[in-house]
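Please treat every number below as a calculation from the coordinates, not as lab data. Small disclaimer: the values here were computed from a predicted structure and weren't measured. Glycine also receives a Cβ, built like all others from the backbone with ideal geometry; neighbour counts cover every protein chain displayed.
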Amino acid sequence: MTTTNSDEEPTRGRLSVPPAETPGHGLLDGRVVVVTAAAGTGIGSATARRALLEGADVMISDVHARRLEATRSELAALGLGRVEAHTCDVTSTSDVDALISETVAVFGRLDVLVNNAGLGGETPVIDMTDEQWSRVLDVTLNSTFRCTRAALEYFRRVPHGGVIVNNASVLGWRAQRGQAHYAAAKAGVMALTRCSAVEAAEYGVRINAVAPSIANHAFLAKVTSEDLLARLASDEAFGRAAEPWEIATTIAFLASDYSTYLTGEVVSVSSQRA
């Protein structure tokens, strides 16, 4: 129950403070999971950690080689599944194809691809250059296409089934100033998810997406003003941003056998008020 007084908004209950991270339950036992843009402390590294907690072996990739190796070491120190790293520029078709090939060579198989790579920033349309527009779409949307295509080529050759989970955003549905390029790219990720899922079904592959609202991590703070982050967090029902692991648990659910009849869907991971 919430409480009120004449000067303050209702308190938001126990979920206004992030809960402890949920322990693993073996949802991905024996699986091999690839996570793109996994260096650092954002949703990608949290997803790799969650996959390990759920029993998977993991290949992480990123364009930043030094940060990627640091993340690999941190994940390996958990003492869970096997963790390998492969430097990959997701704007390069040859790099993406090599990531999938290297994963299969190292682990013997691929079961789950998490397309996490994305690029944002705040720029009004009137001030946006062609390069800014194209760069965001290339990293955010085109990379998802490249990685999906490469994974599907593997799944078509080796018909043991598989899962692809894309990281979209609520901005694929909602308007926000300065985010036209990012929102357009994430709306494209949603459409790609739906259309590719219809095609992938014949290979026994499911493709879904998560659409987070706001997650609390360092990279977001670099590309978004402190005032805007505070306002967006206050708009959430719980009065806070999500922790990256709270997004990662939904990704793990979509990758697991708990969602075997779910494909072509975009799951909003958001506590925003209706």
Quick one: if the Förster radius is 45 Å, what FRET efficiency do Ala230 and Tyr261 give, using the C-beta to C-beta distance and rounding to 0.05? 0.70
Residue among Thr123, Leu152, Val170 farthest towards the positive dipole end of segment 88-203, charges placed on Cβ: Val170
Using alpha-carbon positions, the gyration tensor of segment 122-274 gives root eigenvalues a ≥ b ≥ c; with a/c under 1.5 called rounded, otherwise prolate if a/b exceeds b/c, else oblate, the class is oblate
The chain, helix-only ellipticity at 222 nm - DSSP H runs n ≥ 4, -39,500 (n - 2.57), divided by all residues, nearest 500: -12500 deg cm²/dmol
Run the dipole for the chain about the Cα centre, Lys and Arg Cβ at +1, Asp and Glu Cβ at -1, nothing else charged, and hand back the magnitude in debye, nearest 20. 340 debye
Please name whichever of Val34, Thr91, Tyr258 sits farthest to the positive end of the charge dipole of the chain, dipole taken about the Cα centre and charges placed at Cβ: Lys and Arg +1, Asp and Glu -1. Tyr258
Stokes-Einstein D for the chain (10 °C, 1.306 mPa s, Kirkwood Rh from Cα pairs), in µm²/s, comes to 84 µm²/s
Kindly express, to the nearest 10 degrees and within the range 0 to 90, the angle between helix 180-200's C-alpha long axis and the longest C-alpha principal axis of the chain. 40 degrees
Segment Val125-Thr93, extension gain: residue separation times 0.36 nm, minus the distance between their alpha carbons: 8.7 nm
Give the Cα extents of segment 72-168 along the principal axes, in whole Å, largest first. 49, 34, 22
Rounded if a/c under 1.5, otherwise prolate or oblate - segment 16-68, Cα gyration tensor axes: oblate
What does the charge count around Trp245 come to, taking other residues whose C-beta lies under 10 Å from its C-beta (Lys +1, Arg +1, Asp -1, Glu -1)? -1
Under a Cβ-Cβ cut-off of 12 Å, what is the net charge of the residues other than His160 that fall near it, where Lys and Arg count +1 and Asp and Glu count -1? +3
Let's test the formula: R0 of 41 Å, r as the Cβ-Cβ distance of Ala201 and Arg174. What FRET efficiency results, to the nearest 0.05? 0.90
Please report the spacing between the Cα centers of segment 70-88 and segment 111-168 in Å, no decimals. 22 Å
